[in-house]
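Just below is one structure, and these are the notes that go with it.
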Amino acid sequence: MVKQMTSRERVQTALNHQEPDRVPLGMWMTLGAYKNFREYLGLTVKDQYPPGSTTWSMDVHVEPDVIEKLGLDVIRIGSSTPDGQGFKINENGFYVDEWSVPRKKVEYEGGYYMEDVNPPLKDATIADLEDYPWPDPTADGCWNGLEQKAKRLFTETDKALLAQFGRGGIYEQAKYLRGHEQILMDMILEPEFVHALFAKLCQVEMKFNEMGIKLIGKYLTQVRMSPEDLGNQDNLQISPKTFREMIKPYYTKSFGLASKLLKEQNPHAKLQFHSCGAIYAIVPDLIECGMEVSDPMQPIAKGVEPARLKQEFGDRLSWWGGIDVQRTLPLGTPEQVAAEVRTRIKEAAPGGGYILSSSHRCQPDIPSQNITTMYEAAKEYGQYPIKL
Amino acid sequence: MSVLEQLAQSVIEGKINEAVSMTQQALAEEIDAVTIIQDGLAAGMNEVGRRFKAGEYFLPEVMVSAKSMSKGVELLEPYLAGDENSNTVGTFMIGTVKGDVHDIGKNILIMMFQGAGFKVIDLGVDVPPEKFVQAAVEQKPDIVGLCALLSTTMPMQAKTIAAFEQASCRDQFKIMVGGAPVSQDWSDKITADGYAADAIEAVDMAKELLGIA
């Protein structure tokens, strides 16, 4: 019998590639799913919740009462927009985010996303980049109250704290600023422009992380870099060669600085990086850049089968995620959810290095019962030593 | 290498200017527009599709090749004048379902279908069920394709199929579904006629549904 750990010890032990008392549990949810889930748990539901990781990703920072009630281990926190506000409305009626990207509300059943329209740098030249109204990571609005909040959560709870400071990233943010198809073509047709844009975005990302880590790094177990979606369901969006030429140099700089500053504040804290999809071919590159926790483990994307990842990279890499939000959680029965949790723990948990969570944000299409089942099953099967 | 082979090669290599000049040269050699498309531009795009499926090409390469092809097709449009219908293997109507605005996958699919000789009608993104039905009734495609990238918008594929049933025209069209979270099980459950995991399989599935495989 392993001695019972606090949540923070559990997460740190797992991320140090050792076996804690049980598999640590994380959570990531959209606003719509969160409201449904709070109601299901019999907790009060507010009309509004502040945006989570970015203004437009429609996720929330799940509150400590839910984390406590379910016995989860990680609380997420982060920066706010430079003006401390959410979207502004422009003269055409579009919502405008902190990068001056116009967005419109696109509703699906049970929720909505703020989808980018009219990319502002669509026709820009390198010279235009200097005059662009980049978000200012040094603005007070980004950081108001964050230090007090982190300190309070650190002292008043035993939870691990995961923070994201960056508000858009490099490749991902370029898609919104330049247009999804255009930035892909630019990689071949306008590589100099791409480098100029990525260099600028890298500067902004680095400054966000520098500010945030210096402010609250000592309280954190993980810093999550701005999300970057490099993979599709079946393959990378861009070739490994293009990744290495066009993107990796910026990750090397950005991850490198974040990692250095973080370890100075807290030698045990880890760098977490989010990319969806079939990224197998560049996992070693991402490790080389400084990724220590890969987020998410996405079980049904091609080539990133959990057992394969664990076998090849398990000694160097930890994972967040693993329980499929594309099919099992929204469409499966509670029994199927529990079975997937069991399989995932068997594959990913031995030796530590695994935080179980949904493989992406829980959206409103996931029955609340499947979410509680996921965590109940994880507590049942996730006791170390794993005997499955 | 013949001019059409060179044209195909310029599409494969994503050389936009060369695709334009080779298309012009083919016209100057009095090759008819349909042949220039089929044996030049579309032939090149088919090879691009093969390389994408094989994991040799990625989105940037496909996008630039697609642009090369569409620049060539633009030049040929005045010469096609009503001719294109007689040479298509079928008409494929496509859109991303309501609530979903993701269209890179759809746009690649369109290129592959054009490359395979289909006439494609693109309804765009965030397309409500009633718009699918209305457009299909008016334009009479052989196949209607419903794209969804998100698990939250997959149910809209079912609702769109239901709208065809309510309008009593479900049996006039073959309906295909696709998108990252979509599976054969889902396709069966919502009574679609066909599912494909990627753009190349989708072309094969469409041909199978039309009995021209």
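Numbers for the structure displayed
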quantity: Inter-chain Cβ neighbour average for residues B:124-134, partner chain, 10 Å; calculated: 1
quantity: C-alpha long axis of helix B:42-53 to longest principal axis of chain B, angle in °; calculated: 60
quantity: Cα-projected label distance for A:Glu376 with B:Lys53, points at 7 Å along beta-carbon direction, nm; calculated: 4.5
quantity: The range B:3-85, relative contact order in percent, only Cα pairs under 8 angstrom and at least six apart counted; calculated: 42
quantity: Viscosity 1.567 mPa s, 4 °C: Kirkwood-radius Stokes-Einstein D of the protein assembly as shown over Cα pairs, µm²/s; calculated: 51
quantity: Packing rank of A:348-357, A:100-109, A:313-322, where each peptide gets the mean count of other beta carbons within 10 Å, highest leading; calculated: A:348-357, A:313-322, A:100-109
quantity: Förster radius 56 Å - calculated FRET efficiency between A:Gln265 and B:Val89, Cβ distance, rounded to 0.05; calculated: 0.35
quantity: FRET efficiency estimate (nearest 0.05) - Cβ-Cβ, B:Gln139 to A:Ser100, R0 35 angstrom; calculated: 0.35
quantity: All-pairs alpha carbon distance profile, chain B, 10 Å steps from 0, percent; calculated: 9, 34, 33, 18, 5, 0
quantity: Cα-Cα P(r), the range B:16-99, percent of pairs per 10 Å interval; calculated: 16, 42, 33, 9, 1
quantity: Calculated from backbone phi, Karplus (6.51, -1.76, 1.60) coupling profile of the range B:163-172 in Hz, x at Gly/Pro; calculated: 5, 5, 5, 4, 7, 6, 10, 4, 6, 7
quantity: For A:Val96, distant residues with modelled amide H under 5 Å away; calculated: A:Lys88, A:Ile89, A:Asn90, A:Arg103
quantity: B:Phe118 long-range amide H proximity, modeled H, under 5 Å; calculated: B:Val89
quantity: Mean Cβ neighbour count within 10 Å, used as a protection proxy, ranking A:149-160, A:67-78 highest first; calculated: A:67-78, A:149-160
quantity: Per-q log10 I(q)/I(0), the range A:157-200, q = 0.17, 0.19, 0.27 Å⁻¹ (Debye; single scatterer per alpha-carbon; no solvent); calculated: -0.51, -0.58, -0.94
quantity: Paired Rg and Dmax values of the range B:89-209, which use every Cα atom, in angstrom; calculated: 12.4, 34
quantity: Cβ neighbours within 10 Å from other chains - mean over B:92-98; calculated: 1
quantity: Estimated vicinal HN-Hα couplings, Hz - the range A:319-330 in sequence order (Karplus 6.51, -1.76, 1.60; Gly, Pro = x); calculated: 10, 10, x, x, 9, 4, 8, 8, 10, 4, 5, x
quantity: FRET efficiency, A:Lys122 to B:Asp204 (Cβ-Cβ, R0 30 Å, nearest 0.05); calculated: 0.30
quantity: Average beta carbon contacts from partner chains per residue of A:182-193, 10 Å cutoff; calculated: 4
quantity: HN-Hα J in Hz across the range A:18-35 - Karplus 6.51, -1.76, 1.60, θ = phi - 60°, x for Gly and Pro; calculated: 10, 8, x, 6, 8, 4, x, 10, x, 9, 8, 9, 7, 4, x, 5, 5, 4
quantity: Net lengthening on full extension, A:Lys302/A:Glu288 (0.36 nm per residue, minus Cα-Cα); calculated: 2.8 nm
quantity: Nonlocal amide H pairs with A:Lys270, under 5 Å, H built at 1.01 Å; calculated: A:Gln222, A:Val223
quantity: Chain B: relative contact order in percent, alpha carbon pairs under 8 Å with at least 6 residues between; calculated: 17
quantity: Relative contact order (percent, whole number), chain A, Cα cutoff 8 Å, 6+ residue spacing; calculated: 20
quantity: Debye log10 I(q)/I(0) for the range A:57-140, one point scatterer per Cα, at q = 0.14, 0.18, 0.25 Å⁻¹; calculated: -0.70, -0.97, -1.25
quantity: Burial ranking of peptide ranges A:290-303, B:5-18 (average Cβ count within 10 Å, highest at the top); calculated: A:290-303, B:5-18
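None of the figures in this text is laboratory data; all of them are computed from the coordinates on show. Model, not experiment: these values are computed from the prediction. Please note: Cβ atoms are built from the backbone with ideal geometry, for glycine as well, and neighbour counts cover all protein chains shown.
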